[in-house]
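What follows is a set of notes on a single structure, which appears directly below.
Rule-based calculations on the coordinates, nothing more; no lab input. For clarity, every value in this text was computed on a predicted model and none was experimentally measured. In this analysis, Cβ positions are derived from the backbone assuming ideal geometry, glycine residues included, and neighbour counts consider all displayed protein chains.
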There are 2 protein chains.
Amino acid sequence: MAVYTDVTPEELEAFLSTYEIGRLRAFKGIAEGVENSNYLLQTEAGSFILTLYEKRVNPADLPFFIGLMEHLASRGIDCPQPVRNRAGVALGTLAGRPALIATFLMGTSVRRPTAANCAALGTALAGLHKAGGDFSAFSRVNALSVPGWRPLYETAGERADTVAPGLRTLIANELAFLEARWPAGLPAGIIHADLFPDNVFFIDGRLTGLIDFYFACNDLLAYDIAICLNAWCFEPDGAYNQTKGRALIAAYQAERPLSEAEIAALPVLARGAALRFLLTRLVDWLNVPPGALVRPHDPLEYLRKLRFHRSVESPRDYGLATEHAA
Amino acid sequence: MAVYTDVTPEELEAFLSTYEIGRLRAFKGIAEGVENSNYLLQTEAGSFILTLYEKRVNPADLPFFIGLMEHLASRGIDCPQPVRNRAGVALGTLAGRPALIATFLMGTSVRRPTAANCAALGTALAGLHKAGGDFSAFSRVNALSVPGWRPLYETAGERADTVAPGLRTLIANELAFLEARWPAGLPAGIIHADLFPDNVFFIDGRLTGLIDFYFACNDLLAYDIAICLNAWCFEPDGAYNQTKGRALIAAYQAERPLSEAEIAALPVLARGAALRFLLTRLVDWLNVPPGALVRPHDPLEYLRKLRFHRSVESPRDYGLATEHAA
């Protein structure tokens, strides 16, 4: 649930007067994104999304996020395009918060992705990685890669075992494994790092765009695939769907073929991605204020996914076509 | 904050296929209304609001609400117009809830109404009362008029004094006064009963429409004016703004002149309206779950308004032009 900062129509009108998108016609808080306040704007020029950046976003990262969206849009990637004001500046201030107006992206997210959705995602993900290849104006370290996991583990501490017996030890062992075995030297660049079905829009089965770049960073490109395999290719009963994984990876490879080293690393990257979401969900789960209206995501969903990845014997288990397998 | 019921894009697509408003283009939960879940829909035919009726709305009242909106729209009142499906039915079922699609009303609410806004409101309120005059398909008793207040007082009980010392006694005295002196025989009809600034849209100072008819009922027309005087004509410091009151009442009377009996009753009706919002806010205030993210409205705002109305010596104090005063 979003919308944290209250914006009066009067201050919004004043803010909009610094842009060239016409007068305000309608303005509603929307339930999109969990980190920031988002509003739908309708102006004489059309529909836009207004984002006010809340405390969980580091203001120092905003030039990276906004520069990246502008860069990707200029490379033909369908994503929200920052709107610059009359002074040529995209990032403004409204209601005491950093504020951005971006174009409104049509489409809706799918709740139960099909193999065709996964293929469309694979194509879009490779396109994103290629388009990000020459984005060098800013960079951003992935705060939620391997070095960021141990502090989360320590924050959860012994309370991890209140969520599932033995969870603390399981995470400790997994952390030690991943810290020792995390691949180095794989192709790196801009990754989305949070490309869940919520953040991908479709109309009539056609992928119309990607949103929510607020975890984007510089990291291993194949790690983004591993995140997507976790987020898109498991069934509600916990089973990995190899057909969906194959569709995703094959469509990706048609745009950007994976190296043998990337393919070989896929099982470890998938374990890492599962641990990353297990850890952040676990910490959120343990820190819900009593009586809160927002129920956090279930961390155990990612424990089940992690267990699957630990059982994987070969990258082929993810659905890689044989000719690509290491 | 709204959006309680989760709707998947898949079930929404199936629901929309029973309407003639084209394919779905976008779909966002919006933070509007506190009683129901509201979503913005964009389809090939334009923008719409989808409402899912939650537990606080009695399903038996829905034919009244929907019939009223259709009636008012047919009489030229700017309000959300229910959209009927191919079978000619407006009320459907989605995600296990009664569901309505209505047209999207452009405009934004004002946070600090001006006298000009109050005049526009007065004109629209009189127009609403006149347009409702021949709505007889359904009727609805005002559950939050005098007979509904004593149960709220009893629900608050002694805890009222935890909000303000002496509040319980003050309410008891006020209740006794209003139960004895509530006017009978005044002109009655359809009233909105909750026409706060949130529920009135403007574009560039022009009133574009009224929303949220879910407290509408059959009651004294002048009581609706009393509610609006409370909701629109007090300053943030608690002072009554006679200029705004005069603008509201004069504009109303230009469309529907008040009878002498209605004018004479205005101070009592205004006390009643203040007590009604004091009581519902008090009960909400006392029943907030610990840690809830939603902070209820301050009941003491209406205690201050009630004190003003108790000090009023004549209807003229609300800003009635002399020639209309009783």
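With loop membership from DSSP and a limit of 12 other Cβ atoms within 10 Å, the longest segment of chain A without GluC sites (Glu not before Pro) is A:45-312.
Computed from backbone phi, the HN-Hα couplings of segment B:79-84 come to 7, x, 9, x, 9, 8 Hz, rounded to whole numbers (Karplus: 6.51 cos²θ - 1.76 cosθ + 1.60, θ = phi - 60°; Gly and Pro given as x). Taking all pairs of distinct Cα atoms, average 1/r, flip it, and tell me the Kirkwood hydrodynamic radius of segment B:152-239 in Å to one decimal place. By the Kirkwood definition, the hydrodynamic radius is 15.7 Å. Simple spin-label estimate for A:Arg75 and B:Thr169 gives 7.4 nm between the two label positions (7 Å along the Cα-to-Cβ direction from each Cα).
Bridge orientation summary for the protein assembly as shown: considering DSSP beta bridges with both residues in this region, about 95 percent are antiparallel. Over segment A:242-316, one equal point on each Cα, no solvent: what is log10 I(q)/I(0) by the Debye formula at q = 0.11, 0.16, 0.25 Å⁻¹? The Cα Debye sum returns log10 ratios of -0.40, -0.70, -1.13. Within the listed set B:Ala251, B:Ala222, B:Ala73, the Gaussian network model of chain B (springs between alpha-carbon atoms below 10 Å) gives the highest mean-square fluctuation for B:Ala73. Among B:Arg75, B:Arg140, B:Arg23, which one moves the most in a GNM of chain B with springs linking Cα atoms closer than 10 Å? Top of the fluctuation ranking is B:Arg23.
To the nearest whole percent, what portion of all C-alpha pairs in segment B:182-279 is separated by more than 24 angstrom? Of the Cα pairs, 18 percent sit more than 24 Å apart. Of all the C-alpha pairs in the protein assembly as shown, what % are more than 32 Å from each other? Percentage above 32 Å: 57.
Taking each residue as 0.36 nm, the span from A:Glu260 to A:Val288 lengthens on full extension beyond its C-alpha to C-alpha distance by 5.8 nm. Across segment B:55-210, counting alpha-carbon atoms alone, Rg and Dmax equal 19.0, 58 Å. Relative to the other identical copies, A:Arg307 shows label-point distances of 6.3 nm, where the label point lies 7 Å from Cα along the Cβ direction and values run shortest first. With its label point put 7 Å out from Cα toward Cβ, A:Ala239 sits 7.3 nm from the same residue's point in the other copies, in order from shortest.
Projected label points at A:Thr18 and A:Thr114, each 7 Å from Cα along the beta carbon direction, are separated by 4.6 nanometres. With coordinates expressed along the principal axes, the C-alpha atoms belonging to segment B:9-103 extend over 30, 30, 26 Å, beginning with the largest. The Cβ shell under 15 Å around A:Phe201 holds other residues with a net charge of -3, Lys and Arg each +1, Asp and Glu each -1.
Its relative contact order, with pairs defined as Cα atoms under 8 Å and 6+ residues apart, puts segment B:75-177 at 18 percent.
Where does helix A:62-74 land angle-wise versus the long Cα axis of chain A, in degrees 0 to 90, nearest 10? It is inclined by approximately 90 degrees. Strictly over 25 Å apart at the Cα level, which of A:Lys305/B:Lys55; B:Lys28/B:Lys55; A:Lys244/A:Lys305 would you flag in this model? Flagged as over cut-off: A:Lys305/B:Lys55. Here segment A:156-174 and segment B:4-28 have alpha carbon centers that stand 41 Å from each other. Within a straight-line Cα-Cα reach of under 14 Å, A:Lys130 can be paired with the following aspartates and glutamates, leaving aside sequence neighbours fewer than 8 residues apart in one chain: A:Asp78, A:Asp219, A:Asp224, A:Glu255. Once you divide the Cα radius of gyration of chain B by 2.2 N^0.38 Å, the number left is 1.02.
Could you work out the relative contact order of chain B, using alpha carbon pairs under 8 angstrom and six or more residues apart, expressed as a whole percent? Relative contact order of chain B: 16 percent. Local charge for B:Gly185 was computed over the other residues whose Cβ lies under 15 Å away, with Lys and Arg +1 and Asp and Glu -1, and equals -2. Among the trypsin sites (Lys or Arg not before Pro) found in segment A:259-321, not one is both in a DSSP coil and sparsely packed, with 15 or fewer other Cβ atoms within 10 Å of its Cβ.
What the Cα convex hull of segment B:62-105 gives, in volume per residue, is 74 Å³. Placing +1 on the Cβ of every Lys and Arg and -1 on the Cβ of every Asp and Glu, with no other charges, gives segment B:115-324 a dipole of roughly 160 debye about its Cα centre.
Every helix of 4 or more DSSP H residues in chain B counts as -39500 (n - 2.57), and over all residues that averages to -13000 deg cm²/dmol at 222 nm. Here is how far apart the A:Glu154 label points are across copies: 5.9 nm, shortest first, using a point 7 Å from Cα toward Cβ.
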